[in-house]
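The values are calculated or read from the model by the stated rules, or taken from the named source; none is laboratory data. Owing to the predicted nature of the structure, the values given are computational and were not obtained by experimental measurement. Counting neighbours? That spans all protein chains shown, and the Cβs are built from the backbone with ideal geometry, glycine included. In case anyone asks, the SASA skips ligands and DNA or RNA and just uses the protein heavy atoms, side chains included. Shrake-Rupley method; radii C 1.70, N 1.55, O 1.52, S 1.80 Å.
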Amino acid sequence: MEMAMTVMNAATLQPKPLRPKGPYLLPNPRRVINFKASSLHNPQVSSIGAPTLVGQFDPTIPIERAVTPPSSWYTDPSFYSLELDTLFYRGWQAAGYTEQIKNPGEFFTCRLGNAEFVVCRDGDGKLQAFHNVCRHHASLLAYGSGRKSCFVCPYHEFGLISVKAATWGPFVLLNMEQDVDSDTDIVEKEWLGSSSELLSNNGVDSSLSFVCRRDYMIECNWKVFCDNYLDGGYHVPYAHKGLASGLNLDHYSTTIYEKVSIQKCEGGSTERTNDYDRLGSKALYAFVYPNFMINRYGPWMDTNLVLPLGPRKCQVIFDYFIEPSLMDNKDFIERSLKDSERVQVEDVVLCEGVQRGLESPAYDIGRYAPTVENAMHHFHCLLHKSLKK
């Protein structure tokens, strides 16, 4: 059963000073946080262990009174190592898309944390996945994507360690745990929960055609990018004025599911008034915990896969898909991608600025805008639950 929290009128929320210089009151007037010189700290160097840092966020406090996770969650190397072990090396993780391996022998490589993978179709067309590392001298066996009948180590051939693989719609998923069931229905339930039907009914499926891939190396913790995505449209009218002009932010809503949050927004018009309408009449932004975003708008779908590369660095891979009838409309595609690129560059600036602020000794914790940042709070609660296991 879905847990529904609906958030409206994101654009009408006036910006609030989330990091004031003096003492400020949280929604709970009994709690005051005072930033004084004597309380300055270095968030990059923690004298306590990662498990203790996890406990510095309390998911039981309602969002109206809650404070955000401490800056150490975004800067501490030991906390980052704990995340790899408990978040990314367990459970089903998005890795690629089915069009990359349509035919027998086709493969692609991918990475998650320090783990390297190769995903392929074998000679019988069966989906297979392996750790992309030789068990003899730790050499990588495959690079990029392409077609091969076998993978050979530069030193000699040696059996690879298999990884569980599955698909849902157009996406390829991997799971490093060995004793898991890759049955489609079971994977769907674990990965998407009760949101799967809504996504399927809103055009997240295999009918779209792949257009291109773009990736961005960003100097920020991977969670900073996720937080920015999950703020309920809070930053859109201020940071993305071009994008905001094509959306009706008065009709922005957020719905929370088990491990998924879905933000919806109507487009600026319900009909295409000219030949160029990238956003269409509605937009859907789905966040699949812990690091995958699915954006469906107009004739487009793009996905964002956020890959952690260290406490202060991540790679975000954008894959673009479009309705097949528009594949030959090169001008429309070029203009759409240019508009999307502008938004991504604006987000990179935002995220890198936030990371620098998180590393300041003047900042430790923040607070939520309770009427719009439900999805962000949900993300932080899921993190806490996973890291406590």
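So, residue 58, is that one open to solvent by 50 Å² or more (accessible area, probe 1.4 Å), over 21 Å from the mean Cα position of the chain (by Cα), farther than 21 Å from residue 389 by Cβ and of a type in the set (Asp, Glu) or not? Show your work before the answer.
Numbers: open to solvent by 50 Å² or more (accessible area, probe 1.4 Å): yes; over 21 Å from the mean Cα position of the chain (by Cα): yes; farther than 21 Å from residue 389 by Cβ: no; of a type in the set (Asp, Glu): yes.
No: the conditions fail for residue 58.
Residue 75 - would you say it is in contact (Cβ under 8 Å) with a residue 40 or more places away in the chain, of a type in the set (S, T, N, Q) and open to solvent by 10 Å² or more (accessible area, probe 1.4 Å)?
The answer is no for residue 75.
If you take the residues of segment 363-389 that are under 15 Å from residue 255 (Cα atoms) and polar (S, T, N, Q), which of them is modelled with the lowest pLDDT?
Ranking the qualifying residues of segment 363-389, first place goes to 371.
Which one is nearest to the chain's Cα centre (by Cα), of the residues in segment 360-389 that are charged (D, E, K, R) and buried (at least 18 other Cβ atoms within 10 Å of the Cβ)?
Per the stated criteria, the residue is 373.
Looking at segment 170-178, can you tell me whether even one residue there is more than 24 Å from the chain's Cα centre (by Cα), open to solvent by 40 Å² or more (accessible area, probe 1.4 Å) and of a type outside the set (Ser, Thr, Tyr)? Spell out how you get there, then give the answer.
Within segment 170-178, the subset more than 24 Å from the chain's Cα centre (by Cα) is 178.
In the following step, the residues that additionally are open to solvent by 40 Å² or more (accessible area, probe 1.4 Å) were identified as 178.
Among the residues that remain, those that are also of a type outside the set (Ser, Thr, Tyr) are: 178.
Yes: one or more hits.
Looking only at segment 331-346, decide whether some residue is polar (S, T, N, Q), surrounded by 15 or more Cβ atoms within 10 Å (Cβ to Cβ), farther than 27 Å from residue 231 by Cβ and out of contact with any strand residue (DSSP E or B) (no Cβ under 6 Å at 6 or more places or on another chain).
No; the residues of segment 331-346 include none that is polar (S, T, N, Q), surrounded by 15 or more Cβ atoms within 10 Å (Cβ to Cβ), farther than 27 Å from residue 231 by Cβ and out of contact with any strand residue (DSSP E or B) (no Cβ under 6 Å at 6 or more places or on another chain).
So which residues in segment 302-330 are part of a strand (DSSP E or B), more than 24 Å from residue 231 (Cα to Cα) and of a type in the set (S, T, N, Q), if there are any at all?
Answer for segment 302-330, where residues must be part of a strand (DSSP E or B), more than 24 Å from residue 231 (Cα to Cα) and of a type in the set (S, T, N, Q): there is none.
With respect to residue 363, determine if the residue is in contact with a Leu (Cβ under 9 Å, 6 or more places away or on another chain) and of a type in the set (Ser, Thr, Tyr).
Considered against the rule, which asks whether it is in contact with a Leu (Cβ under 9 Å, 6 or more places away or on another chain) and of a type in the set (Ser, Thr, Tyr), residue 363 comes out as no.
Which of the residues belonging to segment 181-208 are open to solvent by 30 Å² or more (accessible area, probe 1.4 Å) and touching a residue at least 24 places away in the same chain (Cβ under 8 Å)?
Initially, segment 181-208 is screened for residues open to solvent by 30 Å² or more (accessible area, probe 1.4 Å), giving 181-186, 188-190, 194, 197-198, 200-202, 205-207.
190, 194, 198, 200, 202, 205, 206, 207, listed by residue number.
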